[in-house]
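Since the structure comes first, as structure tokens, the remarks are kept for the end.
The values are calculated or read from the model by the stated rules, or taken from the named source; none is laboratory data. This structure is a prediction, so every number in the text was calculated from the model and none was measured. So basically every Cβ, Gly included, is an ideal-geometry build from the backbone, and we count neighbours across all protein chains shown. Keep in mind that these areas ignore ligands, DNA and RNA; they rest on the heavy atoms of the full protein, side chains included. Shrake-Rupley method; radii C 1.70, N 1.55, O 1.52, S 1.80 Å.
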Amino acid sequence: MAPKRYPTLSGALVALLGVTGIYARPSRCKSRAVGDPQILAADEVEEEYDYIIVGGGTAGLTVADRLTESGEHTVLVIEWGAYDNGTSVNTIAGGAGAFANQSHLFSFTSAPQTGLNNRTTAVIGGLMLGGSSGVNGLQVHRGHKDDYNRWNAYFGESNDSDWSWDGLLPYFKKAWHFHAPNEDTAEALDIKYDKSYWGEAGDVHASFPTFNWPGLRVEMEAFGEIEGVEFPPDSGAGSPGVYWYPTSADPTTMARSFSRTGHYDGISRDNYKVLTGHRVLNVVFDEDDAASGVRYVAKGAKGDADARSVSARKEVILAAGTIHTPQILQGSGIGAEELLKSAGIEVRVDLPGVGWNFQDHPLGGGASFDLADFPVSPQPGDLQSNASFREEAQAEFSESRSGPLTIASGNAACFLPLPVIAPSTFEDIASRYEAQDPASHLPPNSPPTIVAGYSAQQKAMAAAMRSHGSAYYNLFLRGGGSEGAIVFLHPASRGTVYVNPADPYFSEPVVDYRAMSNPVDVDIEVEFVKFTRRYFTETSMSEYGALESRPGEGVQSDEEIRDYVRANVSPSTFHPVGTSAMLPRELGGVVDQELRVYGVKRLSVVDASVMPDLPGAYTQQTAFAIAEKAADLIKARA
Ligand SMILES: Cc1cc2nc3c(=O)[nH]c(=O)nc-3n(C[C@H](O)[C@H](O)[C@H](O)COP(=O)(O)OP(=O)(O)OC[C@H]3O[C@@H](n4cnc5c(N)ncnc54)[C@H](O)[C@@H]3O)c2cc1C
């Protein structure tokens, strides 16, 4: 298929995309932290609430909103971070404003990664009211049918609560208010969407920029020259392929839309209270092993001399995220017996799955290309290199909330299955993975439930490797300049998040991604490099002066590529999941299908840590859908 050619657009931007107006700086949005009746001072916290939610992040605020809607139940959310409605949170352009502001993050160093030449990485997540949905890159995509059907299948015939694609689809629809792209941009760039996969009643907005880079269309169409690549009708259709997806932005203000704006701001309910700037140390139990409350300290406290307690009549709900929920569980005596004893924590439930099964999407380590002769303009780089283009963009955004500054981190990518990436080797890779002794790449002396759980995942993921319904490779497209941001969607390696035995409550946990600890992951990364080379040199992309910037001509043999991967891949795209996995207890699970923690009563987990394995997508949309479903499950047993 010959590629379509596009005229140079600089200056003709208005004609093609219908962009009009003059540009200026984003204005500050309203702030509500001071005097907000829902945010309590520490001494205003009452003795007891129906529900205590630990963590006011993506899942925590979603569940809090839903549990208080009817007015029947009281909820206290305890959030470690602060309320911040500043420009860095609200500005969407580039997608990294809030991420760049350290005051919204926790950030510490991982354990050295043996599979990555002992390199370490920064462990990062949102620490603010809104959590990681307040700092993320605003990309909104969900996983594929295979992903959620696999989650449900881990429970075999037992189907207490349907976590399959069909079971979750209503919650994807409930979580988001979808706004279609404007017609001119959709037509100019051939943006396909199908509203039947979305709802319009959600409180968090999924919208499109008013403008997008014309090079994206060229890059997307070139994928059509590769055998097996599909173009699903919508990013939410549940099928891998090449597609456009929305941004988590309010289309009126073009500011970030996230759990705080959707599930907290503007809501005034006497039964919905929030305590910010406080950190929960552990769950408190009654003599019947039922969670009865939590113990917490002010942010920054180094000891528990001033710790306070608050009681929960109905349930304690953990929503502290994949890194901190296991720390709280372990600090409450729920975890691997050996670990807890080494940290001097009294064992309440020997549950080895807590903190185990840690996964994130490895990033980079693939091939990158510069397009020296891409005849399409404007390109993203113009925002940096062309002062008048940037000033016009700024003026247009200020005047009419439109133009290039309505683009966050991007709206187009491919999500491709392994048989498409590696048609001649995927079967061999899947067979070798399937034949592994399940314990062979786990930490030494892993308990039997952990080995059994990995064995079940191994079978499921070997099937995923052979499936056209599971995406392994994600190349995030920018629309020109250079390309090569590759995300590995289903790594086989599993890591750990365990309390620091020397200081389990006040030091950050020990986070070991164990990235590339299973060598099959390196073999798949090798295929990613080869596929990326094919895309840039064997499709019409080759006409645009594609020059390989990394790993470069000197890296050709599989062994050389393996070395390159181990030296360059990052273990994280900031999509951590799996440390409180929703799996049967005998498979290393931490919560059941109703999200209740095994071995105790009245304690549940609702955040991204319950995902048993990664979806073939970034994680925020799935985290919101899980929280919506969790709220229904909790209300049903109230
Ligand atoms: C930099 C970055 C970029 C990302 N980009 C994207 C993207 O573009 N698209 C996408 O789909 N996904 C993205 N993600 C991932 C996505 O945002 C997360 O998967 C999702 O928001 C996780 O939701 P959660 O509820 O599990 O945790 P969070 O939203 O992180 O909530 C956890 C909350 O608990 C609080 N907390 C932690 N410990 C305690 C404690 N002991 N006591 C009280 N409070 C506590 C934290 O401060 C936080 O507010 C990104 C994430 C990051 C960090």
Residue within region 183-203 that is free of Cβ contacts under 8 Å to residues at least 60 places away in the same chain, hydroxyl-bearing (Ser, Thr, Tyr) and touching a Pro at 6+ places or on another chain (Cβ under 6 Å) present: no
Subset of region 253-265 that is open to solvent by less than 20 Å² (accessible area, probe 1.4 Å) and either part of a loop (DSSP other than H, G, I, E, B) or closer than 17 Å to Leu40 by Cβ (or both) - its residue that is farthest from the ligand (Cβ to nearest atom): Met254
Inter-residue pairs, beta-carbon under 6 Å, first farther than 14 Å from Ser133 by Cα and in region 96-115, second open to solvent by 60 Å² or more (accessible area, probe 1.4 Å) and among the polar types (S, T, N, Q), 6+ apart: Thr109/Thr120; Ser110/Thr120; Pro112/Asn118; Pro112/Thr120
Conditions (1) within 12 Å of the ligand (Cβ to nearest atom); (2) not in a strand (DSSP E or B); number of the one not met by Arg269: (1)
Some residue of region 36-57 being aromatic (Phe, Trp, Tyr) and within 11 Å of the ligand (Cβ to nearest atom): no
Some residue of region 328-341 being under 19 Å from Ala82 (Cα atoms) and aliphatic (A, V, I, L, M): no
Number of positions in region 606-638 that are more than 13 Å from the ligand (Cβ to nearest atom) and either of a type in the set (D, E, K, R) or open to solvent by 10 Å² or more (accessible area, probe 1.4 Å) (or both): 8
Index of the failed condition, Ala320 passing every other in (1) more than 16 Å from the ligand (Cβ to nearest atom); (2) open to solvent by 10 Å² or more (accessible area, probe 1.4 Å): (1)
Qualifying position, being under 20 Å from Glu221 (Cα atoms), away from the ligand (no atom under 16 Å from the Cβ) and out of contact with any strand residue (DSSP E or B) (no Cβ under 9 Å at 6 or more places or on another chain), among Ser557, Ser540: Ser540
Neighbours by Cβ (under 9 Å, 6+ apart or cross-chain): first from region 288-304, more than 17 Å from Glu46 (Cα to Cα); second part of a loop (DSSP other than H, G, I, E, B) and among the charged types (D, E, K, R): Asp289/Arg348; Ala290/Arg602; Ala291/Arg602
Residue satisfying condition, being without any contact (Cβ under 8 Å) to a residue 24 or more places away in the chain, of a type in the set (Asp, Glu) and either touching a strand residue (DSSP E or B) at 6+ places or on another chain (Cβ under 9 Å) or more than 22 Å from Leu318 (Cβ to Cβ) (or both), within set Asp36, Asp43, Asp65: Asp43
Selected residue [open to solvent by less than 10 Å² (accessible area, probe 1.4 Å) and either under 24 Å from Asp146 (Cα atoms) or touching a strand residue (DSSP E or B) at 6+ places or on another chain (Cβ under 8 Å) (or both)] from Val529, Val499, Val510, Val451: Val499
When residues of region 568-586 are limited to those that are out of contact with any helix residue (DSSP H, G or I) (no Cβ under 8 Å at 6 or more places or on another chain) and under 13 Å from Asp512 (Cα atoms), the one farthest from the ligand (Cβ to nearest atom): Ser570
Conditions (1) surrounded by fewer than 24 Cβ atoms within 10 Å (Cβ to Cβ); (2) more than 11 Å from the ligand (Cβ to nearest atom); (3) hydrophobic (A, V, I, L, M, F, W, C); (4) under 16 Å from Tyr264 (Cβ atoms); number of the one not met by Ala82: (2)
Asp184 being of a type in the set (D, E, K, R) and open to solvent by 30 Å² or more (accessible area, probe 1.4 Å): yes
Total residues in region 160-173, condition touching a residue at least 40 places away in the same chain (Cβ under 8 Å) and open to solvent by 70 Å² or more (accessible area, probe 1.4 Å): 1
Ala567 over 25 Å from Val63 (Cβ atoms), part of a helix (DSSP H, G or I), of a type in the set (Gly, Ala, Ser) and touching a Leu at 6+ places or on another chain (Cβ under 8 Å): yes
Matching entry among Phe397, Phe369 (being more than 16 Å from the ligand (Cβ to nearest atom), part of a strand (DSSP E or B) and touching a helix residue (DSSP H, G or I) at 6+ places or on another chain (Cβ under 8 Å)): Phe369
Identity of the residue in region 266-291, hydroxyl-bearing (Ser, Thr, Tyr) and out of contact with any Phe, Trp or Tyr (no Cβ under 6 Å at 6 or more places or on another chain), that ends up least open to solvent (accessible area, probe 1.4 Å): Tyr272
Any hit, region 354-369, residues being open to solvent by 10 Å² or more (accessible area, probe 1.4 Å) and without any contact (Cβ under 8 Å) to a residue 24 or more places away in the chain: no
All positions within region 463-516 that are small (Gly, Ala, Ser) and in a strand (DSSP E or B): Ser482, Ala485, Gly495
Filter result for the condition that a residue is under 19 Å from Asp360 (Cβ atoms) and touching an Asp or Glu at 6+ places or on another chain (Cβ under 6 Å), over Ser572, Ser549: Ser572
Filter result (touching a Lys or Arg at 6+ places or on another chain (Cβ under 8 Å) and buried (at least 20 other Cβ atoms within 10 Å of the Cβ)) within region 103-127: Gln113, Gly115, Leu116
Residue, nearest to the ligand (Cβ to nearest atom), within region 588-605, restricted to residues that are touching a residue at least 24 places away in the same chain (Cβ under 8 Å) and of a type in the set (Lys, Arg): Arg602
Qualifying positions in region 207-258 - aromatic (Phe, Trp, Tyr) and farther than 21 Å from Gly479 by Cα: Phe258
